[in-house]
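Before any comments, here is the structure.
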Amino acid sequence: MASIKDVAAEAGLSVATVSRVLNGHPSVSQDARRRVTAAVERLGYRPNAVARSLRTDQTRTLGLVISDVMNPYFTELARSVEEEARALGYSVIIGNADERPDLQDHHVTTLLDRRIDGLLVSPTDGGSPGMLGAAQAGTPMVFVDRWIPGVDVPVVRSDGRAAVRDLVAHLHGIGHRRLAIIAGPAATTTGRERVDAFREALGAYGLALPDAYVGQGDFQAASGRRVTEGFLDLAEPPEAVFAADNLMALGALDAVRARGLRVPDDIALAAFDDIPWFVHTDPPVTAIAQPTRELGRAAVRALVDRIEGRTGASVTLPARLVVRRSCGEPASPEPPSPVRRSTP
């Protein structure tokens, strides 16, 4: 592997001049730049990123700790983060917390040991010690999707309250009155917020949310199936189920089919977090779609702003309801009787 000394010898310049060219120093002649560029291409020289980071105290690397890499929502979020970071000249190292606070702390510590420039986190709970310590130490950090109230870190997230209201209006318009929710973990802000938004939306129609119609899930498919089985065992099962996460919705769909029932004929189903799979299920699932790619891009820009000494403000984007066939259709009004005309 060629070294900077080899480049200097090939270009017929000093190591110091080559270094200035490679670091974009303005006080270098165009002739020197051309000679160094030609030498780099001939030798296939690649700068030593570790040595550069020691000189500049920057690695041009971001850390991303997501809650569950198997969840299609977080997979898409990670993809958009990587794309935007690359466009801004940064690389990304990803850690999967698997909804475990201890694993989240492991990834945070490991990423900091690798001297990342900043950290994006979707917290798994109300604040694991390692992550809180990193925030309190002044590490450039941005929360994405989820956040921890009271921690002074910018948050990039979507607001699903209006979309939840639209969903309840859709269900009410079809004629559903007994509505249940499969909730996410209460330790997460998204878990609590979606239940609160659902309860509030029901209240606008004078509908209650009984305790029996709130099932505690964990953002995993198995919990969606378990909770839905419990709903179906009730003396008065709900007419519609809202899963506060896409994987729990797939579990709910499995539970309904296992009983020999059909969606939406026997029970309606809707989900938070639209995913491509929902178009291909039978029936296609009504879902609340978050602007995932926009969230990823906004989170990277906010973090880079903080790394480079700018404010790095919080960003909130609206979610939207995507209506498909899993909740049923409004009852059609009785067609008018045909007018009989007498013949002369």
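Tabulated data for the structure shown
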item	result
Members of the stretch 279-299 found to be in contact with a strand residue (DSSP E or B) (Cβ under 7 Å, 6 or more places away or on another chain) and assigned to a helix (DSSP H, G or I), listed by number	294, 295, 298, 299
Filter result for residue 222 (within 24 Å of residue 74 (Cβ to Cβ), out of contact with any strand residue (DSSP E or B) (no Cβ under 8 Å at 6 or more places or on another chain), surrounded by fewer than 22 Cβ atoms within 10 Å (Cβ to Cβ) and touching a residue at least 40 places away in the same chain (Cβ under 8 Å))	no
Any hit, the stretch 307-323, residues being among the acidic types (Asp, Glu), without any contact (Cβ under 8 Å) to a residue 24 or more places away in the chain and not assigned by TED's automatic domain parsing to the domain that holds residue 173	yes
Residues within the stretch 59-106 that are closer than 23 Å to residue 125 by Cα, among the hydroxyl-bearing types (Ser, Thr, Tyr) and in a helix (DSSP H, G or I), tallied	2
Test: residue 218 is of a type in the set (Asp, Glu) and either closer than 17 Å to residue 274 by Cβ or part of a strand (DSSP E or B) (or both)	no
Residue in the stretch 328-339 that is surrounded by 12 or more Cβ atoms within 10 Å (Cβ to Cβ) and either part of a loop (DSSP other than H, G, I, E, B) or at pLDDT 95 or above (or both) present	yes
When residues of the stretch 308-327 are limited to those that are among the aliphatic types (A, V, I, L, M) and at pLDDT 95 or above, the one surrounded by the most Cβ atoms within 10 Å (Cβ to Cβ)	319
Filter result (surrounded by 13 or more Cβ atoms within 10 Å (Cβ to Cβ) and at pLDDT 90 or above) within the stretch 11-31	11, 13
Selection status of residue 310, of a type in the set (D, E, K, R) and not in a helix (DSSP H, G or I)	yes
Residue match in the stretch 228-243 (condition: of a type in the set (S, T, N, Q), crowded, with 23+ Cβ neighbours inside 10 Å and touching a residue at least 40 places away in the same chain (Cβ under 8 Å))	yes
Residue satisfying all of: in the stretch 168-183; assigned to a loop (DSSP other than H, G, I, E, B) and not basic (Lys, Arg); nearest to residue 125 (Cα to Cα) among these	176
Search result, residues across the stretch 196-215 that are under 25 Å from the mean Cα position of the chain (by Cα) and part of a helix (DSSP H, G or I)	196, 197, 198, 199, 200, 201
Test: residue in the stretch 89-107 that is modelled with pLDDT of 90 or more, farther than 16 Å from residue 304 by Cα, surrounded by 21 or more Cβ atoms within 10 Å (Cβ to Cβ) and not aliphatic (A, V, I, L, M)	yes
Hits in the stretch 248-307 - residues which are over 19 Å from the mean Cα position of the chain (by Cα), charged (D, E, K, R) and either surrounded by 23 or more Cβ atoms within 10 Å (Cβ to Cβ) or under 18 Å from residue 122 (Cβ atoms) (or both)	306
Of all residues making up the stretch 264-277, the number that are farther than 16 Å from residue 181 by Cα, of a type in the set (A, V, I, L, M, F, W, C) and either in contact with a Lys or Arg (Cβ under 7 Å, 6 or more places away or on another chain) or assigned to a loop (DSSP other than H, G, I, E, B) (or both)	1
Boolean, residue 260 is modelled with pLDDT of 95 or more and at positive phi	yes
Residue among 135, 186, 162 that alone is surrounded by fewer than 21 Cβ atoms within 10 Å (Cβ to Cβ), modelled with pLDDT under 95 and not in a loop (DSSP other than H, G, I, E, B)	135
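Rundown of residues vs (1) under 24 Å from residue 105 (Cβ atoms); (2) in contact with a Phe, Trp or Tyr (Cβ under 7 Å, 6 or more places away or on another chain), yes/no style:
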position	(1), (2)
117	yes, no
131	yes, no
138	yes, no
145	yes, no
152	yes, no
189	yes, yes
196	no, no
200	no, no
214	no, no
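The values are calculated or read from the model by the stated rules, or taken from the named source; none is laboratory data. It should be emphasised that the depicted structure is a prediction, and the values quoted were computed from it without experimental measurement. When we count neighbours, we look across all protein chains shown, and the Cβ atoms used for this are built from the backbone with ideal geometry, even at glycine.
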